[in-house]
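Q: Sharing a structure, written as structure tokens. Questions coming.
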Amino acid sequence: MTADKILYNLNEIFVPNDPGHPLRGDEMNKATVLKNGYIAIADGKILKVGEGSVPEELKSDKTKMVDLKGKTAAPGLIDAHTHLVYGGSREHEFSKKLNGVTYLEILEQGGGILSTQRATREASFEDLYNKTEKLLDHMMVHGVTTVEAKSGYGLNWETEKRQMEVVKKLDKDLPIDLVSTFMAAHAIPTDLKDNPDKFVDQVIEMMPKVVEENLAEFCDVFCEKGVFTADQSRRILKAAQEAGLKTRIHADEIESIGGSSVAAELKTTSAEHLMVITDEDIKKLAEAGVIGNLLPGTTFSLMADTFAPARKMLDAGMAITLTTDCNPGSCPTANLQFIMQLGCLAMKLTPIEVYNAVTINAAYSVARADKIGSFDEGKDADITIFDAPNLDYTLYFFATNLCSQVYKKGELVVENRQRLK
């Protein structure tokens with residue numbers, strides 16, 4: 001079989017392993033890095049990757065040859081945890097943060113998620129669509145080809161549904177894949193503050209409609225002090241699994257109240273944040289095979305002291321990812337490259353571990369590893385090209401967008417840091 005397109009003369013190509021499960025522990029520091037490499041694409045799929053001269057049998061007179069001398073390639077980056085669809089913004093809370101008012105204190109004052117909830121309820125479908133499209137443009141030009149997107153700023157069926165419908169339409173309209181997560185259990189509405197269990201019931205009642213209308217693939221819950229308890233989170237996630245949704249959980253972000261234990265017990269696909277996770281719970285997650293979705297940008301944005309203990313997790317045999325947590329409050333960024341750089345500079349991960357975290361492991365976190373996340377033959381030709389001589393340079397030269405091209409299913413969708421329209 002000959003290629004439709006061949007990207008060649010690449011200085012380096014990062015080629016992660018896909019053993020059929022998320023990379024865990026020491027596996028995360030292993031990958032192949034090809035020198036002077038090529039990537040052959042046919043029908044939007046990976047045909048072959050290799051080093052040196054392109055084999056003649058891959059070429060035909062119709063093959064498009066793309067010379068990428070001096071560049072570095074990786075599988076398309078995957079952002080496995082975002083809160084993309086929302087109304088308004090929260091820069092008015094910025095000075096409070098700078099003056100030491102905590103995330104939970106802002107929430108208790110009716111700000112935070114509740115502030116965004118009010119703005120999102122007031123926003124039309126068109127408003128939310130246009131705002132989210134701009135965020136996705138930022139993500140794409142930074143090299144991202146697949147994004148998980150949560151609801152959770154409605155806290156009622158009408159608005160949660162609108163958020164998920166925005167995700168569904170953008171997934172269809174844009175050259176980027178979106179994975180939808182139902183997260184009505186993101187906060188407790190002010191009118192039910194004294195009766196949170198009633199809201200838990202309401203969230204559970206929404207789940208059959210989510211499934212019937214094919215609005216989401218995952219369900220998430222914010223297990224945190226002042227939000228949902230471990231018992232309430234367990235109820236929500238068990239109901240989600242019974243309804244046919246895959247599950248993940250926000251756990252151990254600010255206080256450790258049992259969320260990771262719930263994740264291990266229910267064998268959720270992932271547990272998110274884990275900034276203050278205990279050693280005991282790290283062991284539980286490792287044994288249960290739960291992926292840790294780590295969000296160092298949130299620690300950075302909240303000016304907190306504690307990053308998730310990534311090295312302890314790997315030492316215990318866990319699988320981890322790195323994600324933006326793109327949201328209007330605790331982490332307003334769409335730059336996954338910066339998050340990757342924090343993975344090195346703040347979490348002391350190696351470049352190989354970082355790239356495995358945002359490619360093959362992130363693909364498992366969003367249940368897409370059969371299609372994306374590595375350069376195995378037959379997977380989608382999702383490729384991120386960096387204007388950098390090697391893998392290390394992309395993480396060493398921080399806070400600068402080094403993405404020069406993005407291919408989605410073999411088609412060029414970003415060039416010179418601009419989405420092609």
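The values are calculated or read from the model by the stated rules, or taken from the named source; none is laboratory data. Everything numeric here is computed off the predicted structure, so don't read it as measured data. We place every Cβ from the backbone using ideal geometry, glycine too, and count neighbours over all the protein chains shown.
Q: Within the set of pairs 6 or more residues apart or between chains, which connect a residue that is under 21 Å from Asp67 (Cα atoms) inside region 387-401 to a residue that is acidic (Asp, Glu) with Cβ atoms less than 6 Å apart?
A: Asn390/Glu12; Leu391/Glu12
Q: Could you go through region 5-21 and let me know if any residue there is closer than 30 Å to Lys134 by Cα and more than 25 Å from the chain's Cα centre (by Cα).
A: Yes, region 5-21 contains a residue that is closer than 30 Å to Lys134 by Cα and more than 25 Å from the chain's Cα centre (by Cα).
Q: Just to check your reading of the model, which residue among Thr82, Thr63 is in contact with a strand residue (DSSP E or B) (Cβ under 9 Å, 6 or more places away or on another chain), modelled with pLDDT of 95 or more, over 30 Å from Leu295 (Cα atoms) and among the β-branched types (Val, Ile, Thr)?
A: On the way: Thr82 fails: over 30 Å from Leu295 (Cα atoms).
The unique qualifying residue is Thr63.
Q: Going through Glu133, Glu126 one at a time, which residue ends up being surrounded by fewer than 13 Cβ atoms within 10 Å (Cβ to Cβ) and assigned to a helix (DSSP H, G or I)? Show your work before the answer.
A: Working: Glu133 fails: surrounded by fewer than 13 Cβ atoms within 10 Å (Cβ to Cβ).
Sole residue among the options that is surrounded by fewer than 13 Cβ atoms within 10 Å (Cβ to Cβ) and assigned to a helix (DSSP H, G or I): Glu126.
Q: Another question about this same structure. Determine if region 409-417 includes at least one residue that is surrounded by fewer than 23 Cβ atoms within 10 Å (Cβ to Cβ), assigned by TED's automatic domain parsing to the domain that holds Ile13, touching a Cys at 6+ places or on another chain (Cβ under 9 Å) and more than 30 Å from Ala119 (Cβ to Cβ).
A: No, every residue in region 409-417 fails to be surrounded by fewer than 23 Cβ atoms within 10 Å (Cβ to Cβ), assigned by TED's automatic domain parsing to the domain that holds Ile13, touching a Cys at 6+ places or on another chain (Cβ under 9 Å) and more than 30 Å from Ala119 (Cβ to Cβ).
Q: From Thr82, Thr102, grab the single residue that is among the β-branched types (Val, Ile, Thr) and buried (at least 16 other Cβ atoms within 10 Å of the Cβ). Steps first, please.
A: Values: Thr102 fails: buried (at least 16 other Cβ atoms within 10 Å of the Cβ).
None of the other options fit; the residue is Thr82.
Q: Would you check which residues across region 72-103 are out of contact with any Pro (no Cβ under 8 Å at 6 or more places or on another chain), within 30 Å of Pro16 (Cα to Cα) and not acidic (Asp, Glu) and list them?
A: Ala73, Ala74, Gly76, Leu77, Ile78, Ala80, His81, Thr82, Leu84
Q: Also, quick follow-up: Looking at region 348-396 only, could you name the residues that are among the hydroxyl-bearing types (Ser, Thr, Tyr), surrounded by fewer than 24 Cβ atoms within 10 Å (Cβ to Cβ) and over 26 Å from Thr268 (Cα atoms)?
A: Thr350, Tyr393, Tyr396
Q: Let me ask another. Restricted to region 1-19, and to residues that are assigned to a loop (DSSP other than H, G, I, E, B) and of a type in the set (D, E, K, R), which residue is farthest from Gly37 (Cα to Cα)?
A: Taking region 1-19 first, the residues assigned to a loop (DSSP other than H, G, I, E, B) are 1-4, 17-19.
Imposing the further condition that a residue be of a type in the set (D, E, K, R) reduces the set to 4, 18.
Details: Asp4: 17, Asp18: 19 Å.
So the residue we want is Asp18.
Q: So Leu349 fits all but one of (1) at pLDDT below 95; (2) among the aliphatic types (A, V, I, L, M); (3) in contact with a Gly (Cβ under 7 Å, 6 or more places away or on another chain); what number is the exception?
A: Of everything listed in (1) at pLDDT below 95; (2) among the aliphatic types (A, V, I, L, M); (3) in contact with a Gly (Cβ under 7 Å, 6 or more places away or on another chain), Leu349 misses just condition (1).
Q: Looking only at residues in region 29-60 that are crowded, with 17+ Cβ neighbours inside 10 Å and more than 19 Å from Thr384 (Cβ to Cβ), which one is nearest to the chain's Cα centre (by Cα)?
A: Per the criteria, the residue is Ala42.
Q: Considering Ala304, Ala308, Ala334, Ala399, which residue is in the same structural domain as Ala40 (by TED's automatic domain parsing) and part of a loop (DSSP other than H, G, I, E, B)? Let's see the steps before the verdict.
A: On the way: Ala304 fails: in the same structural domain as Ala40 (by TED's automatic domain parsing); Ala308 fails: in the same structural domain as Ala40 (by TED's automatic domain parsing); Ala334 fails: in the same structural domain as Ala40 (by TED's automatic domain parsing).
Checking each option against the conditions leaves just Ala399.
Q: Could you pull out the residue among Gly143, Gly111 that is of a type in the set (Gly, Ala, Ser) and more than 15 Å from Gly226 (Cβ to Cβ)?
A: On the way: Gly111 fails: more than 15 Å from Gly226 (Cβ to Cβ).
So the residue among Gly143, Gly111 that is of a type in the set (Gly, Ala, Ser) and more than 15 Å from Gly226 (Cβ to Cβ) is Gly143.
Q: Spot the failing condition for Pro22; the list is (1) out of contact with any helix residue (DSSP H, G or I) (no Cβ under 7 Å at 6 or more places or on another chain); (2) assigned to a loop (DSSP other than H, G, I, E, B); (3) not hydrophobic (A, V, I, L, M, F, W, C), and only one is missed.
A: Only one criterion in (1) out of contact with any helix residue (DSSP H, G or I) (no Cβ under 7 Å at 6 or more places or on another chain); (2) assigned to a loop (DSSP other than H, G, I, E, B); (3) not hydrophobic (A, V, I, L, M, F, W, C) is unmet by Pro22, namely (1).
Q: While we're here: Give just the number: which of (1) assigned to a helix (DSSP H, G or I); (2) touching a Gly at 6+ places or on another chain (Cβ under 9 Å) does Glu205 not satisfy?
A: (2)
Q: If you take the residues of region 164-192 that are assigned to a strand (DSSP E or B) and of a type in the set (Gly, Ala, Ser), which of them is surrounded by the fewest Cβ atoms within 10 Å (Cβ to Cβ)? Walk me through how you get there before you give the answer.
A: Quick first cut of region 164-192, residues assigned to a strand (DSSP E or B) only: 177-185.
Now restrict to residues that are of a type in the set (Gly, Ala, Ser): 180, 184-185.
Working: Ser180: 24, Ala184: 32, Ala185: 30.
Within region 164-192, the match that is surrounded by the fewest Cβ atoms within 10 Å (Cβ to Cβ) is Ser180.
Q: Separate question: Please report, ordered by residue number, the strands (runs of 3 or more DSSP E) entirely within region 29-96 with at least 1 residues that are under 30 Å from Met164 (Cβ atoms), outside the structural domain of Ala310 (by TED's automatic domain parsing) and among the basic types (Lys, Arg).
A: 45-51
Q: Would you be able to say whether some residue in region 340-347 is in a loop (DSSP other than H, G, I, E, B) and closer than 20 Å to Ala80 by Cβ? So that I can check it myself, show each step before the final result.
A: The first filter runs over region 340-347 and keeps only residues in a loop (DSSP other than H, G, I, E, B), leaving 346-347.
Going one step further and asking which of them are closer than 20 Å to Ala80 by Cβ, we end up with 346-347.
Yes, some residue in region 340-347 is in a loop (DSSP other than H, G, I, E, B) and closer than 20 Å to Ala80 by Cβ.
Q: Still on this structure, I have one more. When both residues are 6+ apart or on different chains and their Cβ atoms are under 6 Å apart, which pairs have a first residue that lies in region 103-125 and is on the phi > 0 side of the Ramachandran plot, and a second that is surrounded by 15 or more Cβ atoms within 10 Å (Cβ to Cβ) and part of a helix (DSSP H, G or I)?
A: Cβ pairs passing all conditions: Gly112/Ile106.
Q: So the check is Cβ under 8 Å with 6+ separation or different chains; which pairs have a first residue in region 272-284 that's under 12 Å from Met313 (Cβ atoms) and modelled with pLDDT of 95 or more and a second one that's part of a helix (DSSP H, G or I) and basic (Lys, Arg)?
A: Pairs that qualify, where the first residue is under 12 Å from Met313 (Cβ atoms) and modelled with pLDDT of 95 or more and the partner is part of a helix (DSSP H, G or I) and basic (Lys, Arg), are Asp279/Lys312; Ile282/Lys312.
Q: Please work out which residue is surrounded by the most Cβ atoms within 10 Å (Cβ to Cβ), limiting yourself to region 311-331 and to residues that are assigned to a strand (DSSP E or B) and of a type in the set (A, V, I, L, M, F, W, C). Quick ask: steps written out before the conclusion?
A: Applying the first criterion (assigned to a strand (DSSP E or B)) to region 311-331 yields 319-322.
With the extra rule that they be of a type in the set (A, V, I, L, M, F, W, C), the set shrinks to 319-320, 322.
On the way: Ala319: 27, Ile320: 31, Leu322: 34.
So, considering only residues that are assigned to a strand (DSSP E or B) and of a type in the set (A, V, I, L, M, F, W, C), the one surrounded by the most Cβ atoms within 10 Å (Cβ to Cβ) is Leu322.
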